[in-house]
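The values are calculated or read from the model by the stated rules, or taken from the named source; none is laboratory data. What you are looking at is a predicted structure, and each value in this text was computed from that prediction instead of being measured. No Cβ is skipped: glycine too gets one built from the backbone with ideal geometry, and neighbour counts run over all protein chains shown. In case anyone asks, the SASA skips ligands and DNA or RNA and just uses the protein heavy atoms, side chains included. Shrake-Rupley method; radii C 1.70, N 1.55, O 1.52, S 1.80 Å.
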Amino acid sequence: MDVLGFYPMWYVPTVGSATVIAIIATIHVMASHTSVGGSILLAYLATKAYRENQPQIYEYIKKYLLGLLIFSYVSGSITGPGIWFSATVANPRGISALIHNFVWVWAAEWVWFIAEVTLVYILFYTLGKIDQRSWLRLVWTFAIGSWATMYIIVGILSFMLSPGHEKWFETGNILDAFYNKNYFPHLLERTSFMFAIAGTVGLAIAGLMKKDISEKTYKEIVKTLSYWGIGGVVFGLMFFVWYISTLPNRSNVILENVIPLYLKLPIMLIILVLLAHFFLTAVRPTMARFWMAYPIYILIFFMGVYPEEKIRETLRKPYVAGEFVWVNQIISKDVPAKGIRSEVPIIDQKGILNVNAFVPDALRKITPQNQVMAGKVVAVLECSGCHNVTGSTGLRPFGQKFAGMTDPNAIYSFLVSYLRNSHPPYMPKLTGTDDEVKALSAYIADMISKGGRVSAKIEVPSSSEAKK
């Protein structure tokens, strides 16, 4: 029996494993972008305080550093590993593909991250206790280290969308993968918008300190944050246009035809809110209030970062890494430089149930008695990365997609024509034998006939039942 290198499947009913990753990732992106943007803003303010001899600015910097410590570095340090742990469980082959390409890049990112975390503690506890020039060197080292983590991780994220060219498939060179077509616009877009995020946090902290520092210092800080925020939004939009121009064709199709308006509209609204807020505080610095800036920061999470991450992840489909690993973990394309061969032909010949070592033996051979349960296994293995395959709610549920379809033959015809002969650009081809497609059709028809919701449990028939 040919066995491919699949891992045990982690199926999360209703919401799907992708949603678990998305929630953790959104919290992490919010924390990391706040810290990277904040580190550069604080380095600039520290330079200003040193050159213009404004010691009160240091009091503001210390408050900001405390905020970064409490929120960004505690939640970021938890959610960062949390992303990769959950992603590894949800899609181990996708993560394996990234590790085999970027292991030393990833190691470098962790070195910078450890330096960043160490420095933020050093900066907080040495502010005012060592000479200003030494502290200034430390804060700029902190800023460079923070941005270096983004510089590195964006290369990996961009490769997950696309290598950007065919060259990497032939060379396997890490630089061809890292500096892909999408890399620089992606890096500059994130760098710009993080200033808007950090600026919003800065205005909230300034609002709290209005009575603690002189009016002159207060206004200078607020204006500085507002100008950086406006610049961040404006340049972020410019680099976003560049970013869109580097997307693969399939991603443009997804962006125009698949991404719903309810994900796009909140992003446009929060950008307008941010611009209005920054313009207001730039013109009238006294309007920088905690009760105004902090809710906007929360809105950035729900209206900006979450839909943006959701859209970015969707644009990557049907792949999870480098345009050769589908989201269902099947290797879909040869990578000659790595000695990787497409698994689609052998799965079409042998069947997904036979090449996955974790499928129960009693479900490998499809019989009339186990057809529905075997089809359920096919659904979990091939479809659960993007769909709730056992219900009518949650992540693109089968119960809604196939509502009203209780005829296995009609479902079979649909699956063959829509996903096997000519699959859409955002979905993988439905692989496997014809009997497996019929089993999947029987399972879907059975599920719909039972109200569109069934247990997520895989019931393995006994040996005697399987032999019938």
Taking the stretch 341-383 as the search range and keeping residues that are more than 21 Å from TYR7 (Cβ to Cβ) and among the β-branched types (Val, Ile, Thr), which one is least open to solvent (accessible area, probe 1.4 Å)?
-> THR367
State which residue is farthest from PRO318 (Cα to Cα) when the search covers only the stretch 404-449 and only residues that are among the charged types (D, E, K, R) and outside any helix (DSSP H, G or I).
-> ASP407
Which residue pairs have Cβ atoms under 7 Å apart, sit 6 or more places apart or on different chains, and have a first residue in the stretch 121-135 that is without any contact (Cβ under 8 Å) to a residue 24 or more places away in the chain and under 16 Å from SER146 (Cβ atoms) and a second that is part of a helix (DSSP H, G or I) and aliphatic (A, V, I, L, M)?
-> ILE122/LEU138
Filter the stretch 63-94 for residues that are open to solvent by less than 20 Å² (accessible area, probe 1.4 Å) and hydrophobic (A, V, I, L, M, F, W, C); the one that is farthest from ILE153 (Cα to Cα) is LEU65
Meets criteria (without any contact (Cβ under 8 Å) to a residue 40 or more places away in the chain, within 18 Å of ALA206 (Cβ to Cβ) and open to solvent by 40 Å² or more (accessible area, probe 1.4 Å)) for GLU59 = no
Number of positions in the stretch 276-300 that are open to solvent by less than 50 Å² (accessible area, probe 1.4 Å) and either basic (Lys, Arg) or within 20 Å of VAL29 (Cβ to Cβ) (or both) | 4
Consider GLU459 carefully, then state whether it is in contact (Cβ under 8 Å) with a residue 60 or more places away in the chain, open to solvent by 80 Å² or more (accessible area, probe 1.4 Å) and within 16 Å of MET373 (Cβ to Cβ).
-> yes
